[in-house]
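**Q** Okay, handing you the structure first.
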Amino acid sequence: MAEMKILTKFIDDPRSNELEFYESVHGYDGMKKALGLAPDEIIEIVKKSGLRGRGGAGFPTGLKWSFIPKDIPKPKYLICNADEGEPGTFKDRKLIENLPHQIIEGMVIGAKAIGANKGFFYIRGEFNKGIDSMQKAIDEAYAKGYLGKNILGSGFDFDLVLYAGAGAYICGEETALINSLEGRRGHPRLKPPFPAVSGLYRCPTVVNNVETFSTVPHILDKGADWYSKIGTEKSPGTRLFSVSGHVKRPGVYEIELGTPLLELINDLCGGMLDDMPLKAVIPGGSSVPILTAEECKTANMDFESMAAHKTMLGSGAVIVIGEGTDLVETTYRFARFYAHESCGQCTPCREGTHWVRDLLYKIREGEGTSADLDLILSLARNMEGGTTICPLSDACVGAVRPTILKFKHEFEARLKDKADKEEEVSAGTGA
Amino acid sequence: MSYQFSSESVSRLNKLLEMFPDKRSVILPGLYLLQKEQGFVDREGMEALAEKIGSPISLAQIYGVATFYTLYNKKPVGKYHIQICGTSSCYMRGNDKLEKHLCSRLGVELGETTPDKKFTLEEVECLGACGYAPMVQINDAYYENLTFEKMDEILRGLT
């Protein structure tokens, strides 16, 4: 199999980040078309394409845009979420560094669709190279009249400001991101009201992912019908997957949705590192349920197939785990991540993530008991399903519980009481 | 004597104040400017920032923001701030071994600074470079697909 490159067709060209190059490969054509359309027409095209948000939740993009109230006097805001940081996820960074103009183009189209005259590019603070690349592209776009007042004489104004985050994973959650942009701690907000009604500075706001904005220009340029025919019926288009872990060629790959998971691993990524047997795959970032090697055989990379396997495509991060990997260690490290990144507002998350991490640490050190394992599962039940403002504690559960249930023997083998029992048995046999 | 921003930073802050509909949004970029100037953020610097942004932004609000975000150093770090990613994807490609190697090369434990104040070594959560593991961030730059030899060569190049 091969990649199907739509967003990333020119990503490897050394000049891909330059405006002149981007224009030479039909860059900004989609925006030029959109500037001649009414907002409703743009939203209709995006709706018809079937594009679903690429940040993790998979919400239909056109529908999200249509929630913005039309006739209210308040300003409207458009935000690009470039606060990528879920373990396993590193696809947006490549788009930001190498194809910043594609994102700007998508944002101008989105802004026109919802009637926003100001937008923000919220990028994670560690991405220094991306910050430079995007700022340069924004400056170039202003100079060329693609941003600012009266864009290309269309009468539409759109200003874009780059805003760097400061190392908080939670700011990838859209309401926490909005708080952060307002100069506050990154605490998620209670919903409703949803950002479409009351978001940034209490005004109607749309937040979309980098990959979502990067896709929009192609839909405008080539049409909704063209796009909806790619991929599967409910998951149209291509998607960027960032593959890490035990494969020969980790990296970012753009493939048609619906592609079998094993084809991605074996064909594009060159197979398993050192030809070790496959043990498991986390198919959509650390927060989604793990798949066993057996389950991987029937899993396709689309929303429906993942749902049938009781997991998700999430942020498009495929973590490939080879035989011999200590899953107690990896699960502990994931739990440590969520405990570190919990914002601390809600008790089930603040206490739960830390408690789960501590219990896993005990088990990892061989000091845990079967009661500790039961306690993790009991805690997990209280950390999910709407007990908190945002889904960070659900994400921690997703990273921990399915691994414990599917690979229980590995966790049990590390328990202290089990070790004691085995010692007794062997002592008994010896006597 | 209270903290004095450089004239360059003052003009940057003035620009930032025009850029946002609410001047509260200047807190995060303002803290960055402060950190860029002196390597970390402290009370005096935050007081100066509060004064620059003006009412109703108080020192307490800025302090609350600074302590929430990990990218703001609340105390001085070495000339080279080495942050090694400790998350699972990096672990699967050997970051734990690289971490031990770095500790022994620099003669410090995680979280410590070398006596000559040249290096600070820290383990951090996901840096979003999982496919290029193991990796470290040194000041503003990422170094990826590291081996012990590559790491040593990078350290030798830091003067």
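The values are calculated or read from the model by the stated rules, or taken from the named source; none is laboratory data. This one's a predicted model, so the numbers in the text were calculated from it and none came from an experiment. Glycine gets a Cβ as well: all are built from the backbone with ideal geometry, and neighbour counts include every protein chain shown.
**Q** Can you name every residue in region B:78-113 that is within 30 Å of A:GLN345 (Cα to Cα), surrounded by 20 or more Cβ atoms within 10 Å (Cβ to Cβ) and hydrophobic (A, V, I, L, M, F, W, C)?
**A** Once the filter is applied, which keeps residues that are within 30 Å of A:GLN345 (Cα to Cα), surrounded by 20 or more Cβ atoms within 10 Å (Cβ to Cβ) and hydrophobic (A, V, I, L, M, F, W, C), region B:78-113 yields B:ILE84, B:CYS85, B:CYS90.
**Q** In region A:55-167, which strands (runs of 3 or more DSSP E) lie fully inside it and hold 3 or more residues that are over 19 Å from the mean Cα position of the chain (by Cα), more than 21 Å from A:ARG202 (Cα to Cα) and within 14 Å of chain B (Cβ to nearest Cβ)?
**A** On the way: elements: A:77-82, A:118-123, A:159-164.
So the answer is none; nothing clears 3.
**Q** Oh, and also: Go through the residues of region A:302-312 one by one and say whether even a single one is of a type in the set (Ser, Thr, Tyr) and more than 25 Å from A:HIS409 (Cα to Cα).
**A** yes
**Q** Ok, one more. Can you find even one residue in region A:214-229 that is in contact (Cβ under 8 Å) with a residue 60 or more places away in the chain, small (Gly, Ala, Ser) and over 19 Å from A:LEU313 (Cα atoms)?
**A** yes
**Q** Might you check whether a residue that is more than 14 Å from chain A (Cβ to nearest Cβ), in a loop (DSSP other than H, G, I, E, B) and among the charged types (D, E, K, R) occurs anywhere in region B:122-129?
**A** No, region B:122-129 has no match at all.
**Q** Something else about it: Among the residues of region A:338-370, count how many are away from chain B (no Cβ under 12 Å) and either of a type in the set (Ser, Thr, Tyr) or out of contact with any helix residue (DSSP H, G or I) (no Cβ under 8 Å at 6 or more places or on another chain) (or both).
**A** Matching residues across region A:338-370 total 9.
**Q** Failed condition for A:GLY344, given (1) in a helix (DSSP H, G or I); (2) out of contact with any Cys (no Cβ under 9 Å at 6 or more places or on another chain), with all others met?
**A** All conditions are met except number (1).
**Q** Just checking, which of A:PRO195, A:PRO217, A:PRO188 is closer than 28 Å to B:VAL26 by Cα, more than 18 Å from the chain's Cα centre (by Cα) and buried (at least 20 other Cβ atoms within 10 Å of the Cβ)?
**A** The match here is A:PRO195.
Matching residues to (1) basic (Lys, Arg); (2) modelled with pLDDT of 95 or more; (3) not in a helix (DSSP H, G or I):
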| position | (1), (2), (3) |
| --- | --- |
| B:ARG24 | yes, yes, no |
| B:LEU28 | no, yes, no |
| B:LEU33 | no, yes, no |
| B:VAL41 | no, yes, yes |
| B:GLY45 | no, yes, no |
| B:ALA50 | no, yes, no |
| B:GLN61 | no, yes, no |
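**Q** Which residues, taken from region B:63-96, are closer than 15 Å to B:VAL41 by Cα, of a type in the set (A, V, I, L, M, F, W, C) and more than 9 Å from every other protein chain (Cβ to nearest Cβ)?
**A** B:VAL77
**Q** In addition: When the residues of region A:168-202 are filtered to those that are away from chain B (no Cβ under 11 Å) and of a type in the set (S, T, N, Q), which remaining residue is nearest to A:ASN117 (Cα to Cα)?
**A** Filtering region A:168-202 for residues that are away from chain B (no Cβ under 11 Å) and of a type in the set (S, T, N, Q), the one nearest to A:ASN117 (Cα to Cα) comes out as A:SER198.
**Q** Just to be sure I understand, how many residues within region B:4-36 are under 22 Å from B:THR120 (Cβ atoms), more than 9 Å from every other protein chain (Cβ to nearest Cβ) and in contact with a helix residue (DSSP H, G or I) (Cβ under 6 Å, 6 or more places away or on another chain)?
**A** 2
**Q** Could you list all residues from region A:6-17 that are surrounded by 18 or more Cβ atoms within 10 Å (Cβ to Cβ) and either of a type outside the set (A, V, I, L, M, F, W, C) or within 14 Å of A:LYS136 (Cα to Cα) (or both)?
**A** A:THR8, A:SER16, A:ASN17
**Q** Please go through (1) in a loop (DSSP other than H, G, I, E, B); (2) more than 13 Å from chain A (Cβ to nearest Cβ) for B:HIS101 and return the number of the only condition it doesn't satisfy.
**A** Among (1) in a loop (DSSP other than H, G, I, E, B); (2) more than 13 Å from chain A (Cβ to nearest Cβ), B:HIS101 violates only (1).
**Q** Taking A:LEU240 as meeting all but one of (1) within 14 Å of another protein chain (Cβ to nearest Cβ); (2) at pLDDT below 95, write down the number of the exception.
**A** Result: A:LEU240 fails condition (2) only.
**Q** Just checking, which of A:LYS136, A:LYS91, A:LYS129 is among the basic types (Lys, Arg), on the phi < 0 side of the Ramachandran plot and crowded, with 24+ Cβ neighbours inside 10 Å?
**A** Unique residue meeting the criteria: A:LYS91.
**Q** Just a yes or no: is a residue in region A:225-235 under 20 Å from the mean Cα position of the chain (by Cα) and either modelled with pLDDT of 95 or more or basic (Lys, Arg) (or both)?
**A** yes
**Q** Return yes when B:LYS117 is outside any loop (DSSP other than H, G, I, E, B) and out of contact with any strand residue (DSSP E or B) (no Cβ under 9 Å at 6 or more places or on another chain) and no when it is not.
**A** no
**Q** Could you grab me the full set of residues in region B:78-114 that are within 14 Å of B:GLN137 (Cα to Cα) and in contact with a strand residue (DSSP E or B) (Cβ under 7 Å, 6 or more places away or on another chain)?
**A** The answer is B:GLY78, B:TYR80, B:HIS81, B:ILE82, B:GLN83, B:ILE84, B:CYS85, B:GLY86, B:ASN95, B:LEU98, B:GLU99, B:LEU102.
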